[in-house]
Amino acid sequence: MKTQNTLVTLSIIVSLGCGLVGCGLVGCGASAPAAETAPATSAATEVVTEAVADPVANAIPEAAVLLATTGEFDAESGADTVTLYADGTLAVGTLRGAVELTEATDYFMGEQAAVRIHRYDDAKNAIMVALPTSDQEDPPNRYQLFVQQGDALVKIFDQVIGVYGVHDPEIRSNDGSLVIDEDPHSACARANPETMTETRPPMMRHTWRPNADGQLELAESVEMDRVAHCDQLPACPFVYLVANDGSETFMGEILRNVVGRDAYQAQTLAVDGLSAERVRITMREEKAEITYLDEVHLVVDGVAISPRACDDSATAPRYCAADHQAHVMNEGDELVLEFDAPAGSRELSATGFYIPRHD
Ligand SMILES: [Ca+2]
């Protein structure tokens, strides 16, 4: 459970970032900004300067293997295995480097974590380690890039890229530079650090190049011929748990990434937090989109519980049955749902989809 302060922050960020072109591609999660979950751009680089040559230091760690890949890394022929261990040791052959691990959930580790070998420049390859940050929904990845210097794997780049979901940087073949094309969320977050005043910021292409020490530094940022539409396009209905005194706690979003009629599906969202037997939940459509909610119910320890409004079949709203007759929510609409729910692990289940509203 996040703290109240965090929740407030999340709501603000969602307001900033979730009404964007491309939201359907990278997710509509309520992520904290990268700055809160990862080191700042300039402070994120940790240089491993000491070569590790002695046999003890080069021993295989006893820690579990987190990630591994096989490919051509060094100049010698034959495939190399690159392994990231649970203690943060990055190993290939006798070379060792130190990866800073993140506090991601198992789910996103499974979905997003990766170690890859890239061609870096004319002379050598590089190892990119991608690890999701600790955000609960659609976390961006933190990328750490390593090259061989002497007998060590030295980190030359360490950066969280994007604010929602995965945006792999491009390593330009053979010239040792790394290119990051800004995604719409990042463009809007950059252009509107506090309020949504700039609705069409240009998206930037950032190029990082090695400095004299071999560390990658931001060398150039140029506008691409694309703009982000910060005031348009998808968000997802927000879900709040309502306490007896009427105060709301933001739980997250539901029907995330369910853009378009063909995407119709059921999704669940954990709504634990209040022990009352009368559970009150507000779903609110806060962005420029139309949500088609076909059915909604609560699940308590695996048992489905319908909203109280569904008790009388004669007056049951459209959201009571998954019959493709949808309750329609326009921007600004909210739906207050009450459930008689026993104690237990509670989830809200919603079925439907949404359609971004275009001006
Ligand atoms: Ca229905």
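The values are calculated or read from the model by the stated rules, or taken from the named source; none is laboratory data. As the structure is a prediction and not an experimental result, all values here were calculated from the model. Glycine also receives a Cβ, built like all others from the backbone with ideal geometry; neighbour counts cover every protein chain displayed.
Listing for the model above:
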item: Out of 24, 97, 93, 71, sole residue that is modelled with pLDDT of 95 or more and in contact with a strand residue (DSSP E or B) (Cβ under 9 Å, 6 or more places away or on another chain); result: 97
item: Residue check, residue 326 over 16 Å from residue 241 (Cα atoms), within 16 Å of the ligand (Cβ to nearest atom) and surrounded by fewer than 18 Cβ atoms within 10 Å (Cβ to Cβ); result: no
item: Residue in segment 321-342 that is part of a helix (DSSP H, G or I), out of contact with any helix residue (DSSP H, G or I) (no Cβ under 9 Å at 6 or more places or on another chain) and modelled with pLDDT of 90 or more present; result: no
item: Any hit, segment 266-283, residues being more than 13 Å from the ligand (Cβ to nearest atom) and over 22 Å from residue 241 (Cβ atoms); result: no
item: In segment 291-310, residue farthest from residue 345 (Cα to Cα) [restricted to those that are surrounded by fewer than 17 Cβ atoms within 10 Å (Cβ to Cβ) and within 16 Å of the ligand (Cβ to nearest atom)]; result: 309
